[in-house]
Amino acid sequence: MLVILVVLGFIPFALGSFMNWFMMTYSNTLPPLALVGIVTLLIWAAIAFLVKPYIKDTKKVIIGLNSVASVVLVLVGIQELLLHAYWQNLIGVWTQFYYLPLLNIGFRLTSWSHSVFSAYCAAFLLMVIATLLGCKLRRK
């Protein structure tokens with residue numbers, strides 16, 4: 001079941017890729033970015049809610065579902081903080097797409113910071129919190 005959680009952890013790649021396609025194709029239309037972020041977090045919480053009966057340990061659900069997100073966060077950190085540029089390959093593009101649905105909310109939460117990486121960190125924390133809330137809702 002943990003493998004399934006890790007595979008489900010790739011969902012934000014698809015959401016971010018679709019968002020990028022939409023914004024590039026319909027450049028005159030801005031999607032409701034905050035709503036997209038909220039829906040993404042609701043999906044994340046719903047996944048945790050649905051898998052909780054099969055994995056009793058909440059820590060395993062959080063780690064499994066957010067393992068891809070943590071690897072992507074490390075890769076973004078390397079690009080942002082160490083290299084000061086994104087890689088010009090698929091990894092560089094995909095790491096940006098992964099958090100794209102949540103960046104609007106991430107930037108709002110970190111408006112005090114001048115670092116893009118802080119918005120990525122906020123997006124990651126929101127995903128972890130959504131996972132925890134999904135698990136806790138299942139428990140009740």
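Some notes on this structure:
- In this structure, T25 and S115 have a Cβ-Cβ separation that, at R0 = 25 Å, corresponds to a calculated FRET efficiency of about 0.25.
- Dimensionless Rg over Rh [segment 1-48; C-alpha; Kirkwood]: 1.08
- Of the trypsin sites (Lys or Arg not before Pro) in segment 1-76, those whose Cβ has at most 16 other Cβ within 10 Å and which sit in DSSP loop: K56
- Here is the size of segment 2-140 from its Cα atoms: Rg then Dmax, 15.1, 47 Å.
- Per-pair calculated FRET efficiency, R0 = 30 Å: R139 and V39 via Cβ, rounded to 0.05: 0.80
- The residues of the chain have, on average, 58 Å² of accessible surface per residue, using a 1.4 Å probe with all protein chains present.
- Take the Cα of S17, step 7 Å toward its Cβ, do the same at I78, and the gap between the two points is 2.1 nm.
- Here each label is just a point 7 Å from Cα along the line to Cβ, and for Y54 and L125 those points are 3.1 nm apart.
- Whole-percent carbon and sulfur share, accessible surface of the chain, 1.4 Å: 74
The values are calculated or read from the model by the stated rules, or taken from the named source; none is laboratory data. Worth saying up front: this structure is predicted, and the values here are computed from it rather than measured. Positions of Cβ are generated from backbone atoms using ideal geometry, with glycine treated the same way; all protein chains shown enter the neighbour counts. Calculation scope for accessible area: heavy atoms of the full protein, side chains included, ligands and nucleic acids excluded. Shrake-Rupley method; radii C 1.70, N 1.55, O 1.52, S 1.80 Å.
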